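Chemist: Quick one: the structure is below, and I'll ask about it shortly.
The values are calculated or read from the model by the stated rules, or taken from the named source; none is laboratory data. A quick note: this is a predicted structure, and the numbers were derived from the prediction, not measured. Counting neighbours? That spans all protein chains shown, and the Cβs are built from the backbone with ideal geometry, glycine included.
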Amino acid sequence: MAWTREEMAQRAAKELRDGYYVNLGIGIPTMVANYIPDGMRVTLHSENGMLGTGPFPYEGEEDPDLINAGKQTVSELPSSVYFDSATSFAMIRGGHINLAILGALQVSEAGDLANWMIPGKMVKGMGGAMDLVAGVQRIVVIMDHNAKDGEAKLVKECSLPLTGVGVVNLIITELGVFEFREGKLHLIELAPNVLAGEVRSRTDAKFIDDLK
Amino acid sequence: MVKAVYPKVYQDAESALDDVLHDGMIIVAGGFGLCGIPEHCIAAIKKSKVTGLTIISNNCGVDDFGLGLLLHDRQIKKMISSYVGENKTFERQYLNGELQIEFNPQGTLAERIRAGGAGIPAFYTKTGVGTIVAQNKESREFLGETYIMETALVAELAIVKAWKGDKEGNLVFRKTSRNFNAPAAMAGKITVAEVEELVEPGELDPDLIHTPGIFVQRIFQGHKFEKRIEVRTTRSRAADKSTTY
């Protein structure tokens, strides 16, 4: 059976390393924090000005001055530290953050990412996504393999407005895992009971089969 | 006539903004979502009914709180922001062509504001290279990589919110309500700061001040902050790991 969202988040957590500073995007990427291995020190960065972002607070302990990039209330850890937005993006742009995990609308076979705008629909803005993909050392995408209407999201060339060019390193979908190596897309893992043929038929991007 | 620097302390937002506000002006506002927004200044701007405003702010509040309040009487002509998702009034005015939006990547916006306050007229960044953000902008290579040039933002007025401030205008922020308030405070020709607690000079530890008062021209203690939570999210006390984050 293809992976569930929780299993995709668990797979993404395997990309964490001890000592990493990590930025998790809104949605499924946020769930990755639930699967940080015990004993591994991972510091979560929130673009709005916090390192050491803690879990959601218990009811009654919400603090309006303490939110994450998705504007949800969060809590503090002993290691937490606060700073302003210019400093936050200096961390991002200056390559100080090891890993960012975000969602996508499309990823191209060249590693281009489109995840902020659908022309014709109300444009809400790019937020911090463009800075993240331009500056963070490693970019991991978690996304559904296909759009709701069945269209491929792993495409030859993105048709949607780009967030970044050649920025993606790893893609996790419910069907498996792809990695960019020397500018080329490789299929490196399949989810349980998923066949390579199904992946191929549901993917428009050219990729190299690197399954063992 | 040279304007006196002191006293910096004002009674309230109305008196601090009275001789500053005018139609068509450019204002930079601190805050991220509804966190750390200058509530009293926004209310005073709404009450003044000035229009044709260009507002530099990461977001535009929600329909009935924050900068969204200035949309009701169509006071905003243009927003310079990174994300304006949570606002039906905004969407309606934008789709009707009544409201302009210039989207900036969040980091570029923060740095444009900081640079404006710091006397840096332009800088280069990799953010947005190869995207529509790079259109019509100069680019240059450094060490074999392409960067685009972004220009500084300066505003006639900066409105910011801090947790504590003293009568010199020195500011201390609390937790994630710092966000854009610190760079915004630098970028206003006149910066008006509202604080939860206004103290005497000497009461704030000089090593722990976040924004030096040189950047702040006017300061007042807000009489009552709503401090609304935009997305109240909690976790269960039962040991359910999947809802922790």
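Chemist: Is it the case, given these coordinates, that B:PHE65 is within 22 Å of A:GLU47 (Cα to Cα) and modelled with pLDDT of 95 or more? If you could, list the steps in order and put the result at the bottom.
Modeler: Values: within 22 Å of A:GLU47 (Cα to Cα): no; modelled with pLDDT of 95 or more: yes.
Against the criterion (within 22 Å of A:GLU47 (Cα to Cα) and modelled with pLDDT of 95 or more), B:PHE65 does not qualify.
Chemist: Further, regarding this structure: Being part of a loop (DSSP other than H, G, I, E, B), within 12 Å of chain A (Cβ to nearest Cβ) and of a type in the set (A, V, I, L, M) narrows it down to one of B:ILE37, B:ILE113, B:ILE101, B:ILE80, so name that one. Steps first, please.
Modeler: Numbers: B:ILE113 fails: part of a loop (DSSP other than H, G, I, E, B); B:ILE101 fails: part of a loop (DSSP other than H, G, I, E, B); B:ILE80 fails: part of a loop (DSSP other than H, G, I, E, B).
Just one listed residue meets the conditions, B:ILE37.
Chemist: In the list B:ILE80, B:ILE113, which residue meets the criterion of being buried (at least 21 other Cβ atoms within 10 Å of the Cβ), in contact (Cβ under 8 Å) with a residue 12 or more places away in the chain, of a type in the set (A, V, I, L, M, F, W, C) and touching a helix residue (DSSP H, G or I) at 6+ places or on another chain (Cβ under 6 Å)?
Modeler: B:ILE113
Chemist: Return the residue satisfying two criteria in turn: it lies in the stretch B:42-62 and is touching an Asp or Glu at 6+ places or on another chain (Cβ under 6 Å) and among the hydrophobic types (A, V, I, L, M, F, W, C), and of such residues it is nearest to the other protein chains (Cβ to nearest Cβ).
Modeler: So the residue we want is B:VAL62.
Chemist: Moving to a separate point now. Taking the residues in the stretch B:83-98 that are assigned to a helix (DSSP H, G or I) and touching a residue at least 24 places away in the same chain (Cβ under 8 Å) as candidates, determine which candidate is farthest from the other protein chains (Cβ to nearest Cβ).
Modeler: Per the stated criteria, the residue is B:THR89.
Chemist: Can you confirm whether the stretch A:152-161 contains a residue that is over 17 Å from B:GLY130 (Cα atoms), crowded, with 21+ Cβ neighbours inside 10 Å and within 19 Å of the chain's Cα centre (by Cα)?
Modeler: Yes, some residue in the stretch A:152-161 is over 17 Å from B:GLY130 (Cα atoms), crowded, with 21+ Cβ neighbours inside 10 Å and within 19 Å of the chain's Cα centre (by Cα).
Chemist: Still on this structure: Can you work out which of the residues in the stretch B:156-172 that are farther than 19 Å from B:ALA43 by Cβ and surrounded by 24 or more Cβ atoms within 10 Å (Cβ to Cβ) is nearest to the chain's Cα centre (by Cα)?
Modeler: Per the stated criteria, the residue is B:LEU171.
Chemist: Among the residues of the stretch B:116-124, is there at least one that is over 22 Å from A:GLY128 (Cβ atoms) and either surrounded by fewer than 16 Cβ atoms within 10 Å (Cβ to Cβ) or modelled with pLDDT under 95 (or both)?
Modeler: yes
Chemist: Go through the stretch A:14-59 and give me each residue that's more than 8 Å from every other protein chain (Cβ to nearest Cβ), of a type in the set (Gly, Ala, Ser) and either closer than 29 Å to B:ARG178 by Cα or crowded, with 18+ Cβ neighbours inside 10 Å (or both).
Modeler: Those that are more than 8 Å from every other protein chain (Cβ to nearest Cβ), of a type in the set (Gly, Ala, Ser) and either closer than 29 Å to B:ARG178 by Cα or crowded, with 18+ Cβ neighbours inside 10 Å (or both): A:GLY19, A:GLY25, A:GLY27, A:GLY52, A:GLY54.
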